[in-house]
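K.L.:
Below: one structure in structure tokens.
Quick note: the coordinates plus some simple rules give every number you see, no bench work behind them. What you see is a predicted model, and the numbers here were worked out from it, not measured in a lab. In this analysis, Cβ positions are derived from the backbone assuming ideal geometry, glycine residues included, and neighbour counts consider all displayed protein chains.
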Amino acid sequence: MRTEQSISDIILRVAHVMIEELKLEDVTPKTFDPDIDLVDEIGIDSMDLATVALVLQDEYGMRFDEDDYPGLTTIRLIAEYIKDALS
Amino acid sequence: METANNQKNRRNNEDGKWKFSEILADPIVRERWEKVRKFFFLRESTYDMSNHCNIRCEGCYYFEGNKQFTAEIQDPLLWQELMKKEKKRGITYVVLAGAEPSLVPSLLAVCYQEIPLGCIASNGLNKISPLVDYNIHISVWGNDETSLRVRRAKNMLQRQVDNYRNDPRAIFVYTFTRENIDEVFEVAAFLKKNDCRLTFNMFSSPVGYKGGLRHTEESLSRTREAMLTLLAEYPNHVLFSHYNAVAHTHQYGLHVLYDCPYPRMNPSTDIGLGRSFRQYRTDLTWDRNMACCVPDTDCSDCRHYAAGSAVVTAKLFRHAADPETFKAWLDYVDTYLSVWVRGYPKGKNLCNHIMCPPKAETRLKN
């Protein structure tokens, strides 16, 4: 339960950062589908994803590998990556 | 190549690494970051417009490989249809290139009508209608004597300037070859006198090229010196930065230094250029295995300015390592936008010393 809560918190935070940094409209952290494909459905590109990764690194005190973040194309995948890095 | 300035910038926190927020804490850096990031929406593709040209230059990319033999589609309606499809798949920026786009004005007009951000690569011998409000890159390969020899065109620079003096779309692009390095000074002085803006390109050998224009370590070093001298001498007319000079005159080409993300060198279709970039031929087809901004270039020798504009810019993550490296990258992106985007004003460079491309040292040891 705690683990699940934890990933949910991270998902909400990642969604918040994404909305803030990329100025996404008509979506809130709670309504942001964590499994939606950010590239196909939202139109996010590599520069956007790099920006979000840099901000999240600061927030969580962890590091994304340059080769890994381009493959993290849903909020859930990003959150799981962060969780793994923190554990 | 790392300078004392950079060493001083080293952080001494728990892991010795800079947070992105700390790098952005400098208001000048933050302001430049906000300025350039507004253009992250640009998604480019390139298009060959004609299979004929009014001159024939030694080492021209267009007349290498098979693309020169493809049929030429000159029907504006078919081009308009293509542009509509391109827009639909997310392309926001077009580069209209080979062989000579000024020879097909009706096609330029329909492209501009559908996708209003873009650039035309031209030899500058024909005037392009002011209604096509793209940036125009006018290629210069040396002084008029050299142009006559390599491009078989008389009084080339004077004719180019006559056509594009006082035209805010025009950027003159001086391509450094092994043989024309010293000529850049007279060319730059002439362009400055005529209030024309100038940036630099590097001759990058086509596959199999055996001619005398290919750069050597010595010519790369002399070219860098010339670039930096002119940047200092004409800061308001030369669109360039120290880091541009480093990236384009390094002994290793762009692919080795930055991992070229164009489809030709990048099998991934997940995100970025590997996903969206196409290079259309004159018959409106494209081939993923050939798709990059300078097809038929020998990738190991590629230092082309158009390639760098995408290849270096795409490496934001890698350059957000410390303040000086990030400033160098911001200068590069600011330069790229001022060269390619109509009306984008070049800011003052933030990093006026030599910075080593990040990861380059590790990479070159392996």
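K.L.:
Pull up all non-local amide H partners of residue B:172: gap of 5 or more, or a different chain, and H-to-H distance under 5 Å with H placed in the peptide plane.
P.N.:
HN-HN under 5 Å from residue B:172: B:138, B:197, B:198, B:199.
K.L.:
While we're here: Name the residues whose placed amide hydrogens come within less than 5 Å of the amide hydrogen of residue B:297, ignoring near sequence neighbours (fewer than 5 apart) on the same chain.
P.N.:
B:207
K.L.:
Residue-wise, which Karplus ³J(HN,Hα) couplings in Hz belong to the stretch B:298-309, taking 6.51 cos²θ - 1.76 cosθ + 1.60, θ = phi - 60°, and x for glycine or proline?
P.N.:
Per-residue couplings from phi come out as 6, 4, 6, 10, 7, 10, 5, 5, 5, 5, x, 4 Hz.
K.L.:
Using only C-alpha positions, report the orientation-averaged shadow area of the convex hull of the stretch B:58-139, nm², one decimal. Each step should come with its number before you reach the end.
P.N.:
Numbers: hull surface 22.9 nm².
That works out to 5.7 nm².
K.L.:
Just how far, in whole angstrom, is the stretch B:276-292 from the stretch A:21-87 if you go by their alpha carbon centroids?
P.N.:
About 30 Å separates the Cα centre of the stretch A:21-87 from the one of the stretch B:276-292.
K.L.:
Please give the Cα centre distance for the stretch B:164-210 versus the stretch B:301-362, rounded to the nearest Å.
P.N.:
If we compute the Cα centre of each part, the gap is 20 Å.
K.L.:
Using a Gaussian network model on chain A with a 10 Å cutoff between Cα atoms, which of A:42, A:75, A:11 fluctuates the most?
P.N.:
So, out of A:42, A:75, A:11, the one fluctuating most is A:42.
K.L.:
Now, a different point. Among B:148, B:125, which comes first, then next, by fewest other beta-carbon atoms within 10 Å? Mind showing how you got there, number by number?
P.N.:
Working: B:148 14, B:125 19.
Ordered by Cβ neighbours within 10 Å, fewest first: B:148, B:125.
K.L.:
If each residue's Cβ is checked for other Cβ atoms within 10 Å, how do B:191, B:77, B:254, B:284 rank with the fewest at the top? Intermediate results must be reported in sequence, preceding the final value.
P.N.:
Values: B:191 23, B:77 8, B:254 27, B:284 17.
By the 10 Å Cβ count, ascending: B:77, B:284, B:191, B:254.
K.L.:
Looking at the stretch B:83-193, how many pairs of lysines come closer than 25 Å at the Cα, when each pair is eight or more places apart or spans two chains?
P.N.:
Numbers: B:127/B:154; B:127/B:192; B:127/B:193; B:154/B:192; B:154/B:193.
Lysine pairs, 8 or more places apart or on different chains, close enough: 5.
K.L.:
Place a point 7 Å from the Cα of residue B:81 along the Cα-to-Cβ direction; which residues of the stretch B:254-280 have their backbone N under 19 Å from it?
P.N.:
Hits in the stretch B:254-280 for residue B:81 at 19 Å: B:280.
K.L.:
Would you grab the residues whose amide H sits under 5 Å from the one on residue B:72? Only those 5+ places off in sequence or on another chain, please, with H modelled 1.01 Å from N.
P.N.:
Distant-sequence amide H within range of residue B:72: zero hits.
K.L.:
Here is a further query. Which distance in nm do the two modelled labels at residue B:283 and residue B:229 give, with both placed 7 Å along the Cα-to-Cβ direction?
P.N.:
4.8
K.L.:
Would you list, by chain and number, the aspartates and glutamates whose Cα falls below 12 Å from the Cα of residue B:35, excluding same-chain residues fewer than 8 positions away?
P.N.:
Partners found: B:331, B:334.
K.L.:
Something else about it: If you take the alpha carbon radius of gyration of the protein assembly as shown and divide it by 2.2 N^0.38 Å, what ratio comes out, to two decimals?
P.N.:
On the way: Rg = 22.5 Å, N = 453, 2.2 N^0.38 = 22.5 Å.
Dividing the Cα radius of gyration by 2.2 N^0.38 Å gives 1.00.
K.L.:
Regarding the stretch B:153-288, what are the three Cα extents along the principal axes, ordered largest first, in Å?
P.N.:
Here the Cα extents, ordered largest to smallest, are 47, 36, 30 Å.
K.L.:
To continue, here is another question. Could you check which residue among B:281, B:214, B:152 shows the biggest mean-square fluctuation in a GNM of chain B with a 10 Å Cα cutoff?
P.N.:
B:152
K.L.:
In addition: Among B:120, A:78, which comes first, then next, by fewest other beta-carbon atoms within 10 Å?
P.N.:
Working: B:120 23, A:78 26.
Sorted ascending by nearby Cβ count, the order is B:120, A:78.
K.L.:
Across bins of 5 angstrom width beginning at 0, how are the C-alpha pair distances of the stretch B:44-313 distributed, in whole percent?
P.N.:
So the P(r) values, bin by bin, are 1, 6, 13, 17, 20, 19, 14, 8, 3, 0.
K.L.:
Can you compute 3J(HN,Hα) from phi for each residue in the stretch B:121-131, using the Karplus curve 6.51 cos²θ - 1.76 cosθ + 1.60 with θ = phi - 60°, rounded to whole Hz and x for Gly and Pro?
P.N.:
For the stretch B:121-131, the Karplus curve yields 9, 9, 7, x, 7, 10, 7, 9, 3, x, 6 Hz.
K.L.:
Based on DSSP H runs of at least 4 residues, each adding -39500 (n - 2.57), what is the mean residue ellipticity at 222 nm of the protein assembly as shown after dividing by all its residues, to the nearest 500 deg cm²/dmol?
P.N.:
Working: 19 runs with 186 residues, N = 453.
Dividing the helical sum by the residues of the protein assembly as shown leaves -12000 deg cm²/dmol.
K.L.:
Still on this structure, please answer the following. Only Lys, Arg, Asp and Glu count, each charged at its Cβ (+1, +1, -1, -1), so figure out the dipole size of the stretch B:75-154 about its Cα centre, rounded to 20 debye. All intermediate terms of the calculation are to be shown ahead of the outcome.
P.N.:
Values: 10 positive and 8 negative charges, 28 e Å.
Charge dipole of the stretch B:75-154: 140 debye, to the nearest 20.
K.L.:
I want to verify a result. In a Gaussian network model of chain B, Cα cutoff 10 Å, which of these has the top mean-square fluctuation: B:124, B:65, B:208?
P.N.:
Largest GNM mean-square fluctuation: B:208.
K.L.:
Another question, then. Over chain B, what is the mean sequence separation of C-alpha contacts under 8 Å (at least six apart), divided by residue count, expressed as relative contact order in percent?
P.N.:
Working: 634 pairs, mean separation 72.2, N = 366.
Averaging sequence separation for qualifying contacts and normalising by length gives 20 percent for chain B.
K.L.:
From the C-alpha coordinates alone, can you work out the Kirkwood hydrodynamic radius of the stretch A:2-86, in Å?
P.N.:
Working: mean 1/r = 0.0787 Å⁻¹.
For the stretch A:2-86, the Kirkwood estimate is 12.7 Å.
K.L.:
In whole Hz and in residue order, list the ³J(HN,Hα) couplings for the stretch B:312-319 that follow from phi through the Karplus curve 6.51 cos²θ - 1.76 cosθ + 1.60, θ = phi - 60°; x for Gly and Pro.
P.N.:
6, 4, 5, 8, 3, 4, 5, 7
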